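Undergrad: Please find one structure pasted underneath; my questions will follow.
The values are calculated or read from the model by the stated rules, or taken from the named source; none is laboratory data. In this text the structure is predicted, and so the values were computed from the model without any measurement. Don't worry about glycine lacking a Cβ; one is built from the backbone with ideal geometry, like all the others, and counts go over all protein chains shown.
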Amino acid sequence: MKIKILGSSAGGGLPQFNCNCDNCKGYRAGKPSIRRRTQSSITISEDGENWVLFNTSPDILEQIHNSPFLHPQQRRETKIKAIVFIDAQIDHTTGLLMLREGCPHEVYCTKEVHEELNTSFPLFTMLTHWDGGGTHYHEVATDGTSFEIPVMPNYSFKAVPLISNAPPYSKYRDKPRAGDNIGMVVINKQTGKRLFYLPGLGVLQQAIIDEMRIADVLLVDGTLWTNDEMIQNGFSSKLGTDMGHVPLSGEGGLIETLDTLEKPRKILIHINNTNPILDETTQEYRELIRHNIEISYDGMHIEI
C-alpha cells in the first residue's frame, strides 16, 4: 500500500490566515524549523496509478498541484477514483466543492455523515447541479462489517466508530452519534498488513487501543500538546477534549498510550498550528522524538 500525506495540519493549516501564534509568526518570519502545512488529508493506492482520497480539505487544489502523481495524463481525467469521508467537519469536506468538475465522485461515508452533507452542510445536494450528477454514495457501516473499493481489490476497509464530536453546525454537536466520527482500518488481504487512520480522537476507548496495537502504521490525531492549549493561547474557551481531541501530553494523554504499543509505526496527523511540536527546536518536539513518535508532513510518503 502506498500512502501519501497531502495535508498534515488541523483546520486552518499553518500558517492560519488570522493567527499570530509562535508557529505561524515563526513560519512567516522564515524560521527554518517550522514547515508550511495544509489541512488534513491522505490518499492511498494499490498500484500507484489509481488513488483513494481520505477527506477533501479546503486546500485540496494546492495539495493536488503539489502531487504530480495525481496530475491528469489525458485531456480530462482524475487519478482520484474514490473519496472516503471520516466525518463531516468543514476542514475535511469543503474541498469537495473544488472537485466539482470531476463529478460524479464515488463517495464512501457513514449514513450520519451522508445526512449532514445533505442537510446541515449540504455539499452533496449542491453538487447535483453539476454535470454528472454530483456523487455516487456508498454507505459505510459502523458495525465492524468490512467493505471493498474496486480500485484496490486486494484490500479491505473497516470503519471504527470514535467518540469525538459532531461539527459545530450540526444539531448533534456535543451529543454525537456512533457514525459521526470514524477511524478507518485498511488491510492487505494477502499480507495482513494494516493501516489505522484516525485524524480525530476524543476518547481512548479500549477497543480503539486494541486496534492500534495490531496496526503496522498508525496515523493518529496529534491536534494539541496540552488539553488547555487553546485556552492558554487565548484562542478559545474550550478544552481539546471538548472539541473532540485527546491531548498528547499529561496523564491520560495520547503519548502515554502510544508508549504501550510495540508493533505500529506511530505517526501524528491533524496537528493544530498552536502545537509546539511543529517547531523542531522546541523541548516538546524533542520529547516526542524520544518517544519514537513521528510527525507527518505534507508530501510524506509511507509504504506498507
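Undergrad: Can you tell me which of (1) at pLDDT 95 or above; (2) buried (at least 16 other Cβ atoms within 10 Å of the Cβ); (3) more than 22 Å from GLY200 (Cα to Cα) is the one CYS103 doesn't meet?
TA: Answer for CYS103: the failing condition is (1).
Undergrad: Then there is this: Restricting the first residue to the stretch 112-129 and requiring it to be in contact (Cβ under 8 Å) with a residue 12 or more places away in the chain and surrounded by fewer than 21 Cβ atoms within 10 Å (Cβ to Cβ), which pairs with a second residue that is of a type in the set (S, T, N, Q) and not in a helix (DSSP H, G or I) meet a Cβ separation below 6 Å and a spacing of at least six or different chains?
TA: Pairs found: SER120/SER170.
Undergrad: Let me ask you something else. Go through the stretch 42-98 residue by residue and tally those that are polar (S, T, N, Q), out of contact with any helix residue (DSSP H, G or I) (no Cβ under 9 Å at 6 or more places or on another chain) and farther than 19 Å from GLU112 by Cα.
TA: Number of matching residues: 5.
Undergrad: Then there's this: Looking only at the stretch 15-41, count every residue that is among the hydrophobic types (A, V, I, L, M, F, W, C) and under 11 Å from TYR297 (Cα atoms) and tell me the total.
TA: Residues of the stretch 15-41 that are among the hydrophobic types (A, V, I, L, M, F, W, C), as a first pass: 17, 19, 21, 24, 29, 34.
Narrowing the set further to residues that are under 11 Å from TYR297 (Cα atoms) leaves 34.
The total comes to 1.
Undergrad: Here is a list of conditions, (1) of a type in the set (Gly, Ala, Ser); (2) closer than 17 Å to LEU123 by Cα; (3) buried (at least 20 other Cβ atoms within 10 Å of the Cβ), and ALA10 meets all of them except one; can you say which number that is?
TA: The one condition ALA10 does not meet is (2).
Undergrad: Being part of a helix (DSSP H, G or I), without any contact (Cβ under 8 Å) to a residue 24 or more places away in the chain and among the charged types (D, E, K, R), is that true of even one residue in the stretch 265-285? Show your work before the answer.
TA: Of the residues in the stretch 265-285, the ones part of a helix (DSSP H, G or I) are 276-278, 283-285.
Those still in the list that are without any contact (Cβ under 8 Å) to a residue 24 or more places away in the chain too: 283, 285.
Restricting the remaining residues to those that are among the charged types (D, E, K, R) gives none.
Checked the stretch 265-285: no residue is part of a helix (DSSP H, G or I), without any contact (Cβ under 8 Å) to a residue 24 or more places away in the chain and among the charged types (D, E, K, R).
Undergrad: Something else now. Out of all the residues in the stretch 24-37, is one or more buried (at least 19 other Cβ atoms within 10 Å of the Cβ), within 18 Å of the chain's Cα centre (by Cα), in a strand (DSSP E or B) and on the phi < 0 side of the Ramachandran plot?
TA: Taking every residue of the stretch 24-37 in turn, at least one turns out to be buried (at least 19 other Cβ atoms within 10 Å of the Cβ), within 18 Å of the chain's Cα centre (by Cα), in a strand (DSSP E or B) and on the phi < 0 side of the Ramachandran plot.
Undergrad: Same structure again: Checking PRO58 against (1) in contact (Cβ under 8 Å) with a residue 12 or more places away in the chain; (2) outside any loop (DSSP other than H, G, I, E, B); (3) not β-branched (Val, Ile, Thr): exactly one of these is not met. Which one?
TA: Just one mismatch for PRO58, condition (2).
For every residue, the table says whether it meets (1) surrounded by fewer than 19 Cβ atoms within 10 Å (Cβ to Cβ); (2) modelled with pLDDT of 90 or more.
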| residue | (1), (2) |
| --- | --- |
| ALA166 | no, no |
| LYS193 | yes, yes |
| TYR197 | no, yes |
| MET212 | no, yes |
| TRP225 | no, no |
| GLN232 | yes, no |
| LEU248 | no, yes |
| ASP259 | yes, yes |
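Undergrad: Counting just the residues of the stretch 117-129 that are of a type outside the set (Phe, Trp, Tyr) and touching a Phe, Trp or Tyr at 6+ places or on another chain (Cβ under 8 Å), which one comes out farthest from PRO168 (Cα to Cα)?
TA: ASN118
Undergrad: Among strands (runs of 3 or more DSSP E) lying entirely in the stretch 119-237, which contain 2 or more residues that are more than 27 Å from TYR285 (Cα to Cα) and under 17 Å from the mean Cα position of the chain (by Cα)?
TA: 155-161, 182-188
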